[in-house]
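Q: Sending over a structure as structure tokens; questions will come in a sec.
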Amino acid sequence: MGVDENVATISRLEEAYEALDWDTVREILAPDFQNGGPMGDQLPGAEAVIAGATQAATEYFPDKKQVVLDLFGEDDKVVSRVRLTGSNSGKGIDWAQIPPNGNQVDVEWITIYRLDGGQVLQTWGQMDVAKMMMQLGAMEGGN
């Protein structure tokens, strides 16, 4: 597949994440998918990604909105820059020991996807976790 097809595939994937369309996510992520997502190295496979995304969307930030700001590719890689906004109005964020507090988050991440045959084999990502933790009141902000 060419670059344009790979970019279209990642556009579908990002739309699926926003819509909580887990069947499309399963279709696009390869069975042996390696997740180096925006929160660092995570468990491999589609089900681990779906579990984390479901938790963020339905528990931590039930009013979340994700918007793709940039999407481009070269060779077998596609890069997306995504913005997440929402409020911590659902369940507390247990892994960070943050109770639900209604605080607003506005954070971006960048993910590099490696594709083959229309499926994502691997990702590498970076997110400004410190900014998100400051917005949630879990750590002091700087200037």
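Q: Could you list all residues from segment 97-110 that are in contact (Cβ under 8 Å) with a residue 40 or more places away in the chain and either loosely packed, with under 15 Cβ neighbours inside 10 Å or within 12 Å of GLY36 (Cα to Cα) (or both)?
A: GLN97, ILE110
Q: So in segment 49-69, with the set limited to residues that are under 14 Å from ASN88 (Cα atoms) and polar (S, T, N, Q), which one is surrounded by the fewest Cβ atoms within 10 Å (Cβ to Cβ)?
A: Top of the filtered list is THR58.
Q: So, one more: Would you say TYR113 is under 30 Å from VAL3 (Cα atoms), of a type outside the set (A, V, I, L, M) and surrounded by 18 or more Cβ atoms within 10 Å (Cβ to Cβ)?
A: In short, yes.
Q: Filtering segment 116-138 down to residues that are under 18 Å from VAL82 (Cα atoms) and open to solvent by less than 40 Å² (accessible area, probe 1.4 Å), which residue is modelled with the highest pLDDT?
A: VAL120
Q: So, one more: Select from segment 21-35 the residues that are under 14 Å from THR54 (Cα atoms) and open to solvent by 70 Å² or more (accessible area, probe 1.4 Å) and list them in ascending order.
A: Within segment 21-35, ASP23, ARG26 meet the criteria.
Q: While we're looking at this one, here's another question. Read through the list (1) among the charged types (D, E, K, R); (2) open to solvent by 70 Å² or more (accessible area, probe 1.4 Å); (3) within 17 Å of MET127 (Cα to Cα); (4) touching a residue at least 60 places away in the same chain (Cβ under 8 Å), then give the number of the only condition that GLU5 fails.
A: Going through (1) among the charged types (D, E, K, R); (2) open to solvent by 70 Å² or more (accessible area, probe 1.4 Å); (3) within 17 Å of MET127 (Cα to Cα); (4) touching a residue at least 60 places away in the same chain (Cβ under 8 Å) one by one, GLU5 breaks only (3).
Q: Mind counting the residues in segment 111-122 that are under 9 Å from the mean Cα position of the chain (by Cα) and within 11 Å of PHE33 (Cα to Cα)?
A: Total satisfying the criteria: 0.
Q: So is ALA16 touching a residue at least 24 places away in the same chain (Cβ under 8 Å), hydrophobic (A, V, I, L, M, F, W, C) and buried (at least 16 other Cβ atoms within 10 Å of the Cβ) or not?
A: The answer is no for ALA16.
The values are calculated or read from the model by the stated rules, or taken from the named source; none is laboratory data. Everything numeric here is computed off the predicted structure, so don't read it as measured data. So basically every Cβ, Gly included, is an ideal-geometry build from the backbone, and we count neighbours across all protein chains shown. Remember, those area values only see protein heavy atoms, side chains included, never the ligands or the DNA or RNA. Shrake-Rupley method; radii C 1.70, N 1.55, O 1.52, S 1.80 Å.
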